[in-house]
1. Normalised by the residues of the stretch 186-277, what does the relative contact order come to in percent, with Cα pairs under 8 Å and at least six apart?
2. Just to confirm my numbers, what's the Cα centroid distance between the stretch 258-284 and the stretch 156-204 in Å?
3. Roughly speaking, what is the stretch gain from Ala226 to Asn312, that is 0.36 nm per residue apart minus the C-alpha to C-alpha distance, in nm to one decimal?
4. Within the stretch 265-331, list the trypsin sites (Lys or Arg not before Pro) lying in a DSSP loop whose Cβ has at most 16 other Cβ atoms in a 10 Å radius.
5. Need one word for the stretch 1-46: rounded, prolate or oblate. Basis is the Cα gyration tensor (sqrt eigenvalues a ≥ b ≥ c); a/c below 1.5 gives rounded, then a/b vs b/c decides.
6. Determine which residues of the stretch 309-336 fall in the zone a paramagnetic label at Leu283 would reach in this model, i.e. backbone nitrogen under 17 Å from the point 7 Å along Cα→Cβ.
7. To the nearest 500 deg cm²/dmol, what mean residue ellipticity at 222 nm is calculated for the chain from DSSP H runs of n ≥ 4 alone, each contributing -39,500 (n - 2.57), summed and divided by the residues?
8. What ranking, highest mean first, results for peptides 205-212, 114-121, 178-185 when packing means the other Cβ atoms within 10 Å averaged over each residue?
Amino acid sequence: MKRLVTMKTIAKELNVSTATVSKALQDSYEIGNETKQKVWALAKQLKYELNPAGSSLRGQKTKTIAVIIPEIANNFFSLAIKGIEEIARRLDYHVLIYQTHENSEIEMAFTDSLLNGRVDGILISISSETSNNEHFRELVKKIPIVFFDRVYEDIDAVKITTDDYLSTYNATKHLIDCGCKKIAYLLALDNLSTGKKRVQGYHDALKEHNMLYTSDLIVKYDTDEAVNYNNIKNLILTHKPDGVISSIEDLALPCYYVCKELNLNIPKDLKIISFSNLNTAPLLNPSLTTITQPAFEIGKEAASILFKILHNKHVEPNESMILESELIKRDSTSCN
């Protein structure tokens, strides 16, 4: 006979209260990340469902959708959420926000817990360390899902993305047009299609313009800020690039600090471009040239399509929508 797993079961195993388990499963701010991860991991191991009776409610509308993102503090995702909420409010839907903190185990625990009838559909941008394509391939058969920004290319589901390849290609070309001879690249999200397309755009632009392409000019993102700073500093000291493209905004600001420490002038000694929705980019000294994604519009489009699915309107099962990012040229890449 299959063992019935309840919150009390998890609480007893972890020696915590059932209230703690309940709040952890709902990603409550009242519970620390370490406790949450222990609860999520055990819930996954025991194949716990948040509400066993929920399956009988699947035919009923909850008027609630879930949004699963890597982090809410990121400017891109906070804008995307605003777009999602604008559409949800019009249709009188509630929005539940879940942060994975770039952790694939947490991501899986969230999605599993949402299969109980608590939400009508899911909007998700997958975590950078994820390798859960088989998990999601099964999940899309059980609940309506729309992927946005970070997606699985090989899963039949609706995907809303931006022109990552072309954006980086054009950014690289902009630096070349401004006289850069040695362009470095700060690499992130490299195990996702998003990151792969971005670095490919950089590579192809260099190749087509007979420019140097070498792994020595690529620095990979690390979760430790100090490591990122030192790696960027070593890159600039050792290889002396005259241009740099950052694939995420978290790697752009360290470039400014390194240049200040090394007494390098931006843009005379080093020109900088970054993927960023940072609203303070124009206020930096010098102002930062950005590849700005239409985050708010992505959120709106993703939500609109999910609601079409929920309201039984026709949507192509593998529909892909690609929105254009904008290269906003500012002083950090001034050609003068």
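1. Normalised by residue count, the contact order of the stretch 186-277 is 29 percent.
2. Cα centroid of the stretch 258-284 versus Cα centroid of the stretch 156-204: 18 Å apart.
3. That works out to 26.0 nm of additional length.
4. In loop regions of the stretch 265-331 (DSSP not H, G, I, E or B), the sparsely surrounded trypsin sites (Lys or Arg not before Pro) are Lys268, Lys313, Lys329.
5. prolate
6. Only 331 fall inside the zone, counting backbone N under 17 Å.
7. One gets -12500 deg cm²/dmol as the mean residue ellipticity at 222 nm.
8. Ranked by mean Cβ neighbours within 10 Å, highest first: 114-121, 178-185, 205-212.
Throughout, read-outs are computed from the coordinates displayed, never taken from laboratory work. As the structure is a prediction and not an experimental result, all values here were calculated from the model. Note: ideal-geometry Cβ built from the backbone for every residue, glycine included; neighbour counts use all protein chains shown.
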